[in-house]
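To start, the structure under review is shown below, and the notes come after it.
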Amino acid sequence: MDNAKIADRFEELADLLEFQAENPFRVRAYRTGAHAIRDLGESVAAILADPERDLADLPGIGATLAEKSRVLIETGTLPQLEKLRLEVPEGVLAMVRVPGLGPKKAAALFRELGIESLAGLRQACEQGRIRSLKGFSTKTEAMILDGLGIAEASGKRVYWPTARRLADAIGRHMNGCDGIRKMEWAGSLRRGRETVGDLDLLVVADDREAAMDHFENYPEQTQVVARGDEKKVSIRVGKAFQVDLRLVEEHEFGAALQYFTGSKEHNVHLRRLAQSKGLKINEYGVFREADGERVGGATEAEVYAAVGLPWIPPELREDRQEFEWAVADRLPDLLTVDAIRGDLHMHTSASDGTATIREMAEAAIERGLRYIAITDHSRRVAMANGLDPDRLREQWEAIEQLRPEFEGRLTILKGIECDILEAGGMDLPDDCLAEADWVLASVHYGQRQSREQITERILGALENPHVDCIAHPTGRLIGRREAYEVDLDAVMRAAVEYGKFLELNSNPARLDLHDVHAAEAKRLGIPIVINTDAHSPDGLDVLPCGINQARRAGLTAADVANTWPLEKLLGRPAPS
Ligand code: DGT
Ligand code: CA
Ligand code: CA
Ligand code: ZN
């Protein structure tokens, strides 16, 4: 069982205990532990297996959670969790998360009225069956109905670039409103998270009413959710995706931006730091506890400076290591998109791409790249028309013939995305791989094999002297398919031993390696290659998603091999 799954179990346990009105400190202990484990670079299993180390020593974990982690890894579950799952139906937990309901009220509805799903809850409200309960009224019913709309929508997160495009469109619309002095997107969009639950826009405007009216009139808007007061309004676009607008004062803008950028955990940590210095930080500014005097908040830098810290880039604000780094003035100089010089994973119409080698090369030049590798699928991926040695050598000949045309503008590497076979071993013979400039190795089939099998297959690929890099190393598809079972610690150790690269695939559905693992790779000195895996010229435009993920992992340009000159990356003169 990997760290993410252990964290999921602890979070579920916290939700269930909260519903049972358990001691809030215990509930919090599980949540803190889940957060700590989710953000751990090494696997919990490896730490437990190491007799020299004690999982209980790690911050946020402790003896109880260490013991439960051991049981989870050994048995796949916890007796306590199994028992609670029987007592509390799944739908009831969803009710706990409905804004305005909470664990206490949800428990009453479940016990007194037998409601155990969001659908049942809506029906009971509409039939007026809830107002009869002690502590409930017609007003609660209306509030729950409102909350239900939000809860149903809030399950649907979108990939980051979808949110980015929507934000840009709304931004253009808002530019048509007079008297807007400042405007910035906050929340998970600004932190560059993989998925975004809703959008948070902050605006300073001469005329608040006018700005809110303009926002409500966004043409693609399907519903105005709430215009509670004179400072906030939310709309829904498309299928219930929510966009919040908040109007703030100019001198509060930095404090508001800091607050609404989050994450919540980062903000909690920052406020704790402020308290220890006799300060109070909220969305309106920084204040002295003693006399309430305001000491800053016009800019974000002012907010951080008030507690003696440099400004922290939004992508790092997850309460991982950013405070430790900031205190020591060791914040990494995060990678930017223009540092990327090459893209070493892309497909053409020879396999499942849509464009020719020349079209991909031209598109790469337009995007400022200096080198690319053409990496079509190998023969095992028959449904993508994967290449056998003959077709691959033909393609490489075509690349050699194209090279003079691109001389001085772009180097085209003869590459391949070679499958790692189910039984182990590479899909193409060594003599063929030996002729390539760049070999990616991927697991596409047999993803349901055991952890041992999949790990062995990948270790085998890393041992092969012709393989340069493991593509999308965990195989996850965000929101659609879990990562395959693999011992990433072992994979990383082997990558170090054989001097291989690991990919960070920029496809918004993959983002694989994900941030925590990319950070661990950096710690071990494994160079990361950020690729697009483009299947068309436009496919090259997903690069910013990979950059976000790399920044969230704290990577600098030096940590990312495709910012390097090609000679350094290949360890030999570049082909021409
Ligand atoms: P999302 O929308 O689920 O992708 O994630 P965020 O981070 O954008 O979350 P959202 O939209 O609920 O809130 C935006 C930020 O506002 C959040 O990152 C931190 C701040 N914030 C919101 N509610 C709270 C709260 O109850 N406590 C604290 N400390 N911060 C909050
Ligand atoms: Ca948000
Ligand atoms: Ca929000
Ligand atoms: Zn590919």
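The values are calculated or read from the model by the stated rules, or taken from the named source; none is laboratory data. Fair warning: this is a prediction, and the values are worked out from it, not measured in the lab. Positions of Cβ are generated from backbone atoms using ideal geometry, with glycine treated the same way; all protein chains shown enter the neighbour counts. Protein only, heavy atoms only, side chains kept; ligands, DNA and RNA dropped before computing areas. Shrake-Rupley method; radii C 1.70, N 1.55, O 1.52, S 1.80 Å.
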- Task: Please name which of Gly76, Gly91, Leu65 has its Cα lying farthest along the dipole of the range 29-157 towards the positive end, using unit charges on Cβ (Lys, Arg +1; Asp, Glu -1) and the Cα centre as origin.
- Result: Gly91
- Over all Cα pairs of the range 470-530, how is the pair count split among 5 Å bins, expressed in % and running from 0 up to the last occupied bin? 4, 20, 33, 25, 13, 5, 1
- Message: Students often get this wrong: which residues of the range 418-439 have the backbone nitrogen under 17 Å from the point 7 angstrom along Cα-to-C-beta of Ala382?
- Response: 419-423, 427-428
- Long-range amide H partners of Ile478, meaning residues 5 or more apart or on another chain whose placed amide H is closer than 5 Å, are Arg510
- Carbon/sulfur fraction of accessible area - the range 337-570, other protein chains in place, 1.4 Å, %: 48 percent
- Base-10 log of normalised Debye intensity for the range 404-500 (one unit scatterer per alpha-carbon) at q = 0.21 Å⁻¹: -1.02
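Taking Cα atoms of the range 90-153, Rg/Rh with Kirkwood Rh, to two decimals?
Working: Rg = 10.0 Å, Rh = 11.1 Å.
Using only Cα positions, Rg/Rh for the range 90-153 is 0.90.
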- Query: Quick one: how many Å² of Phe260 are accessible to a 1.4 Å probe, rounded to 10?
  - Reply: 40 Å²
- Expressed as a percent, the accessible surface of the range 90-153 that is carbon or sulfur, using a 1.4 Å probe and the full set of protein chains, is 52 percent
- Straight-line reach check, Lys139, cutoff 26 Å on alpha carbons, 8 or more apart in-chain or any other chain, hits among lysines -> Lys104, Lys105, Lys231, Lys232
- Along Cα→Cβ, 7 Å out, is where each label goes; now give me the distance between the ones at Thr356 and Arg393 in nm to one decimal. 2.4 nm
- Message: I need the P(r) histogram for the range 158-247: all alpha carbon pairs, bin width 5 Å from 0 out to the longest distance, whole percents.
- Response: 3, 15, 29, 27, 18, 8, 1
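Rounded to the nearest 500, what is the 222 nm mean residue ellipticity of the chain from helices alone, with -39500 (n - 2.57) per DSSP H run of 4+ residues and division by all residues? List each step's numbers first, then the result.
Working: 24 runs with 251 residues, N = 576.
One gets -13000 deg cm²/dmol as the mean residue ellipticity at 222 nm.
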- Query: Sequence-distant or interchain residues sharing an amide H contact under 5 Å with Met346, placed H: which?
  - Reply: Thr375
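Give the percent of DSSP beta bridges with both residues in the range 337-570 that are antiparallel, rounded to the nearest 5.
10 percent
Where only protein heavy atoms count, and the probe is 1.4 Å, what is the accessible area per residue for the chain in Å²?
Working: 25580 Å² over 576 residues.
Solvent-accessible surface per residue comes out at 44 Å².
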- Item | Computed accessible area, Glu362, all protein chains, 1.4 angstrom probe, square angstrom | 70 Å²
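If you stretched the chain out fully between Asn217 and Thr556, how much longer would it get, using 0.36 nm times the residue separation minus the C-alpha to C-alpha distance? Write down the numbers at each step before the final one.
On the way: separation 339, 0.36 × 339 = 122.04 nm, distance 4.16 nm.
My answer for the length gained is 117.9 nm.
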- Note on the structure: D (µm²/s, integer) via Stokes-Einstein for the range 255-327, Kirkwood Rh across alpha-carbon pairs, 25 °C, 0.890 mPa s: value 206 µm²/s
- Message: Taking θ = phi - 60°, what integer Hz values does the Karplus form 6.51 cos²θ - 1.76 cosθ + 1.60 yield along the range 368-374, in sequence order, with x for Gly and Pro?
- Response: x, 7, 10, 8, 9, 10, 8
- Can you work out D for the range 337-570 in µm² s⁻¹ from Stokes-Einstein, where Rh is the Kirkwood radius over C-alpha pairs, the temperature is 4 °C and the viscosity is 1.567 mPa s? 75 µm²/s
- Message: Binning at 20 angstrom from zero up to the longest distance, how are the C-alpha pair distances of the chain distributed in percent?
- Response: 18, 47, 31, 4, 0
- Report, for the chain, the % of DSSP beta bridges that are antiparallel, rounded to 5. 50 percent
- Task: Taking the Cα atoms of the range 13-94, report the difference between the largest and smallest coordinate on each principal axis, in whole Å and largest first.
- Result: 41, 25, 19
